[in-house]
């Protein structure tokens with residue numbers, strides 16, 4: 001599928017707004033994760049504004065595609081995207097992590113309509129997605145399952161139990177995507193627990209594997225399109241992303257995995273995002 | 001004396017009382033459910049024969065899922081299938097599920113509030129020769145602390161069958177504890193069973209024994225023997241550990257003034273703890289908790305182990321005498 005230049009520009013603009021939302025939310029909350037959400041903003045935008053068959057006005061719609069966010073700690077990007085696409089008012093974003101908020105520190109099913117599952121403890125999202133996909137296949141439904149994972153949760157045994165399972169049951173209605181940003185709390189993934197060759201590992205487990213640039217909308221969208229054409233295997237998209245993407249001083253730094261910006265940093269980050277990292281002179285918002 | 005409204009097995013106190021493992025009742029319950037409810041699916045972790053899901057698997061292959069030895073995945077795939085409208089029964093030995101996969105059960109089943117039914121077979125030390133690694137004596141505690149979770153520990157095979165069927169009707173996570181070994185068939189089709197409602201099997205006024213699982217039978221034997229000695233004992237089958245039938249238990253505390261709990265489980269965190277939490281705050285009376293005293297099991301024949309770990313009729317009688325002495329001192 002080819003996207004018009006206009007459409008791509010729209011998606012890029014939306015992703016930029018979502019990044020600004022993330023910075024503002026984290027500043028307001030005073031805790032939370034910065035790098036992962038920024039790095040996944042393009043993928044979330046592509047999913048909710050282009051790929052997923054969902055209806056924000058009917059979050060319980062039976063035929064909707066199911067999105068399982070396994071690494072729940074990046075939920076600021078999920079919440080910001082859901083608000084931007086119309087699940088709930090943008091004003092609610094500032095309640096993140098506060099008492100009584102529907103936007104829990106890690107996602108909780110039941111708190112927020114449209115949120116498919118609770119997550120946070122790493123490693124069990126792919127299993128839940130597998131359960132949904134198997135039930136869907138056996139019932140012959142049309143909806144598909146998308147599971148988003150971090151690279152660090154490839155350390156978890158539970159993830160590999162699920163990877164084996166998806167291969168065995170040929171869950172071709174399941175598309176998993178690993179946010180390959182190479183960082184985790186204690187450092188770089190390849191220092192903490194080497195994962196490479198990751199593509200070959202999943203291929204050996206019976207998956208169809210694609211590698212893409214996770215900031216290229218055409219690549220993201222065509223990868224999910226390709227997954228729909230594979231009928232004998234589940235598909236894994238290894239999306240190479242830059243943690244902290246869009247904010248120069250956060251990009252590629254594992255130190256930004258688990259902390260929010262302070263007032264000064266947020267101001268700087270928002271300025272960068274509003275000027276597209278200096279590419280345009282005046283803030284466009 | 002026996003509560004005739006409990007409709008217990010007429011052969012209750014006879015030598016040829018039939019003995020059946022409670023896991024058999026579970027397997028039979030699944031077959032009945034399979035017919036009743038097309039949303040019921042069964043997930044198995046490489047133990048289809050010993051957890052008694054084989055017959056379901058053969059009859060309903062399209063509703064059976066073999067997971068291999070992967071209990072974490074077992075729990076969370078179950079959660080995912082429930083999210084897609086199924087009623088999953090996830091089965092293994094209790095030491096592995098809910099033992100190994102407690103966090104997945106906590107987050108993906110309970111916090112998600114998905115109606116997954118966790119079936120832990122081979123619970124208790126009566127597992128026997130396999131030894132402590134395979135004897136789950138902590139499972140009630142593990143499941144009881146989880147919000148949303150319903151915890152059931154049936155007294156015999158027939159009650160396990162009823163529980164299996166009833167669990168499908170409640171849209172909540174449930175845990176069902178099963179035994180490997182044959183246990184006396186004390187109930188009948190007519191015996192009342194309702195999740196959350198403890199049943200009085202033996203009427204009495206001096207003291208109450210609250211038992212769960214196969215210990216209900218031993219409690220009845222103790223009550224019968226004590227009756228012959230002139231002590232009037234009430235026996236309650238507390239098959240639902242959570243939600244606890246506080247009403248029946250507090251009533252027993254008020255009316256009989258002394259309690260003994262009996263379970264094939266650690267003395268910490270199980271039935272005794274649950275009862276203690278209630279009565280200590282609402283109607284304190286002398287209480288003796290009989291169970292396994294903060295130690296692991298070991299290999300041996302089931303009866304030998306029950307004897308060694310004090311889960312005997314004699315020890316229950318001893319417990320009753322102890323609380324009666326405490327009760328009389330209080331007066």
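Overview of values
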{"item": "Count of region B:13-45 residues which are within 19 Å of the chain's Cα centre (by Cα) and surrounded by 15 or more Cβ atoms within 10 Å (Cβ to Cβ)", "result": "11"}
{"item": "Test: residue in region A:178-190 that is surrounded by fewer than 24 Cβ atoms within 10 Å (Cβ to Cβ) and part of a helix (DSSP H, G or I)", "result": "yes"}
{"item": "Test set (1) within 11 Å of another protein chain (Cβ to nearest Cβ); (2) surrounded by 18 or more Cβ atoms within 10 Å (Cβ to Cβ) - residue A:157 fails condition number", "result": "(2)"}
{"item": "Any hit, region B:46-58, residues being modelled with pLDDT of 95 or more, within 14 Å of chain A (Cβ to nearest Cβ) and crowded, with 24+ Cβ neighbours inside 10 Å", "result": "no"}
{"item": "Leading residue by the ranking (farthest from the chain's Cα centre (by Cα)) among those in region B:155-174 that are part of a loop (DSSP other than H, G, I, E, B) and over 26 Å from residue B:112 (Cα atoms)", "result": "B:156"}
{"item": "Any hit, region B:115-128, residues being at pLDDT below 95 and surrounded by fewer than 24 Cβ atoms within 10 Å (Cβ to Cβ)", "result": "yes"}
{"item": "Number of positions in region A:160-177 that are within 13 Å of chain B (Cβ to nearest Cβ) and part of a loop (DSSP other than H, G, I, E, B)", "result": "3"}
{"item": "Counted residues, region B:33-54 - those being assigned to a helix (DSSP H, G or I) and out of contact with any helix residue (DSSP H, G or I) (no Cβ under 6 Å at 6 or more places or on another chain)", "result": "3"}
{"item": "Qualifying positions in region A:243-265 - surrounded by fewer than 19 Cβ atoms within 10 Å (Cβ to Cβ) and in contact (Cβ under 8 Å) with a residue 60 or more places away in the chain", "result": "A:252, A:253, A:258, A:259, A:262, A:263"}
{"item": "Subset tally (residues that are surrounded by fewer than 20 Cβ atoms within 10 Å (Cβ to Cβ) and closer than 30 Å to residue B:66 by Cβ) for region A:110-120", "result": "1"}
{"item": "Residues within region A:127-156 that are in a helix (DSSP H, G or I) and within 14 Å of residue A:70 (Cα to Cα), tallied", "result": "10"}
{"item": "Region B:68-84, residues that are more than 7 Å from chain A (Cβ to nearest Cβ) and either surrounded by 24 or more Cβ atoms within 10 Å (Cβ to Cβ) or in contact (Cβ under 8 Å) with a residue 60 or more places away in the chain (or both)", "result": "B:71, B:74, B:75, B:82"}
{"item": "Checklist (1) surrounded by fewer than 21 Cβ atoms within 10 Å (Cβ to Cβ); (2) in contact with a helix residue (DSSP H, G or I) (Cβ under 8 Å, 6 or more places away or on another chain); (3) within 12 Å of chain B (Cβ to nearest Cβ) applied to residue A:126, failing item", "result": "(1)"}
{"item": "Residue satisfying all of: in region A:93-102; in contact (Cβ under 8 Å) with a residue 40 or more places away in the chain and either crowded, with 22+ Cβ neighbours inside 10 Å or not in a helix (DSSP H, G or I) (or both); nearest to the other protein chains (Cβ to nearest Cβ) among these", "result": "A:97"}
{"item": "Elements of type helices (runs of 4 or more DSSP H) in region B:256-331, at least 3 residues being over 18 Å from residue B:135 (Cβ atoms) and in contact with a helix residue (DSSP H, G or I) (Cβ under 9 Å, 6 or more places away or on another chain)", "result": "B:271-282, B:313-330"}
{"item": "Scope region A:129-143; condition more than 16 Å from the chain's Cα centre (by Cα) and either at the interface with chain B (Cβ under 7 Å from one of its Cβ atoms) or buried (at least 22 other Cβ atoms within 10 Å of the Cβ) (or both); matching residues", "result": "A:130, A:131, A:132, A:133, A:134, A:135, A:136, A:138"}
{"item": "Any hit, region B:93-106, residues being more than 17 Å from the chain's Cα centre (by Cα), within 14 Å of chain A (Cβ to nearest Cβ), at positive phi and not in a strand (DSSP E or B)", "result": "no"}
{"item": "Options B:109, B:119: the member that is outside any loop (DSSP other than H, G, I, E, B), within 14 Å of chain A (Cβ to nearest Cβ) and either on the phi > 0 side of the Ramachandran plot or in contact (Cβ under 8 Å) with a residue 40 or more places away in the chain (or both)", "result": "B:109"}
{"item": "Test: residue in region A:74-81 that is closer than 25 Å to residue A:258 by Cα, away from every other protein chain (no Cβ under 13 Å) and surrounded by fewer than 22 Cβ atoms within 10 Å (Cβ to Cβ)", "result": "no"}
{"item": "Close pairs (8 angstrom Cβ cut-off, 6 or more residues apart or separate chains): on the phi > 0 side of the Ramachandran plot in region B:259-272, at pLDDT 95 or above anywhere", "result": "B:269/B:138; B:269/B:140; B:269/B:141; B:269/B:142; B:269/B:144; B:269/B:145"}
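The values are calculated or read from the model by the stated rules, or taken from the named source; none is laboratory data. Small disclaimer: the values here were computed from a predicted structure and weren't measured. All Cβ positions, glycine included, derive from the backbone under ideal geometry; neighbour counts span all protein chains shown.
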